[in-house]
Amino acid sequence: MSGDVLSTAGSGLLPSAEAAPLFQARELVKHFRSRRSVVQAVNGVSLTIPRGRTVGLVGESGSGKSTVARLALRLLEPTSGELSFDGVDLLRASRAQLRALRRRMQIVFQDPFGSLNPRMRVLDAVGEPLVVHRLATGKERVDRVVDLLERVGLGAGDLYKFSHQFSGGQAQRIGIARALATEPDLIVCDEAVSALDVSVQAQVLNLLKRLQSELGLSYLFIAHDLNVVRYMSDEVCVMYLGEIVEQGDGDALFADPRHPYTTMLVSAIADSPAEGSGRHRRRAVPRGEPASPSNPPSGCRFHPRCPHAMPRCQQEVPVMQRVSADRTVACHLFDARQEVSPR
Ligand code: SF4
């Protein structure tokens, strides 16, 4: 697995093991301003997704993961930062370029029923992107939709059904078929299995893995459940209160977490959902509550909850630094002998 998939914040994009990564974000910031406050939802996130690989983004609810997903697809405009897809600067792309690129970047949402129009038959729901992007009409569209349904384990017999006639897992398969319609290179899975039962989760995760291997897809895989992220991801980014605090090879990160927040998350893991055991699993819930992103703590944002907090943690923002060949961490524990300037 690549050890240089993810960049260190503030130092620009590091060279990737892949010559031309599919997707890169650099120092992405999204602040939502209202009359009373500024919500710092995303604060300097950098990540790279190589072709055919999965980058997992994990963290508690409210950490900014879903905002990163929407920024990546330009469903939201960043406050600042850089985004590129297949070498094209997404923030400076022309309308025509963006339209063409949007075909190649799709998203699967958490709620399979909420993301499907209940008045649309499966043929129209899955075939809509083919029409919008002028890829197929008439019989060709029907044939393409049947192909897509078969890819996700459904079939021609489902063409004229409505979403309410399916289980949650089947509805999510329809959502995946719809995402595949435009033959994307990148799919953002935003809590795509979080609403499903554990045994159904495992089936959908395995489907996503099979599709990746068959179609060479890249995934940005977002979840609060570490077991799910661990199962799916080649590389993992751990987010806390709008910032990435640790990133690296997925297996190594879960086997040997370095950042105190990651350690707390990993300690809450029970058994793997991919095994389909159906047993109760604990959510990864560290002690205490995250602060509000409209009033983040000074210094290290994690310091009010950190068992290793030192006086300097309240004043100095830790910078991301490489602590091993495949790991970067933002924590003063790793720079105790260095001078660290506040950002
Ligand atoms: Fe804990 Fe300090 Fe490291 Fe933050 S910088 S995680 S408060 S030790």
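The values are calculated or read from the model by the stated rules, or taken from the named source; none is laboratory data. The structure presented is a predicted model; accordingly, all values stated were derived computationally and were not measured. A quick note on method: Cβ atoms are made from the backbone with ideal geometry, for glycine too, and the neighbour counts reach across all protein chains shown. For accessibility, only protein heavy atoms count, side chains too; no ligands or nucleic acids. Shrake-Rupley method; radii C 1.70, N 1.55, O 1.52, S 1.80 Å.
Assorted remarks:
- At 1.306 mPa s and 10 °C, Stokes D of the chain from Kirkwood alpha-carbon radius, µm² per second: 76
- Lys, Arg +1 and Asp, Glu -1 on Cβ, resulting dipole of the chain about Cα centre, debye, nearest 20: 980
- Label separation (SER167 vs ARG287): 4.1 nm, computed from points 7 Å beyond Cα along the C-beta direction.
- Zone residues, segment 165-205, relative to MET120, backbone N less than 11 Å from point 7 Å out along Cα-to-Cβ: 175, 178-179
- Ligands, DNA and RNA excluded, the heavy atoms of SER298 present near 70 Å² of accessible surface to a 1.4 Å solvent probe.
- Share of carbon and sulfur in the accessible heavy-atom surface of the chain [1.4 Å probe, %]: 47
- Shape category assigned to segment 19-96 from the gyration tensor of Cα positions, a/c cut at 1.5: oblate
- For the chain, the relative contact order is 20 percent, taking Cα pairs closer than 8 Å that sit 6 or more residues apart in sequence and dividing their mean separation by the residue count.
- Pair TYR160, ARG103: separation of 7 Å Cα→Cβ label points (nm): 3.0
- Pairs of Cα atoms nearer than 8 Å and 6+ residues apart set the relative contact order; for segment 227-273 it is 38 percent.
- Using a Förster distance of 41 Å, the FRET efficiency for ARG322-SER199 (Cβ separation, nearest 0.05): 0.55
- Heavy atoms of LYS139 accessible to a 1.4 Å probe, total area in Å² rounded to 10: 150
- Probe 1.4 Å, protein heavy atoms only - accessible area per residue of the chain in square angstrom: 44
- Radius of gyration, Dmax [segment 116-259; alpha carbons; angstrom]: 16.9, 55
- Label-reachable residues, segment 81-101, where backbone N falls under 16 Å from a point 7 Å from ARG33's Cα toward its Cβ: 81
- Spin-label pair SER61/GLU77, simplified geometry with 7 Å Cα→Cβ offset, distance in nm: 3.1
- Cα pair count fraction exceeding 15 Å, expressed as % - segment 62-156: 70
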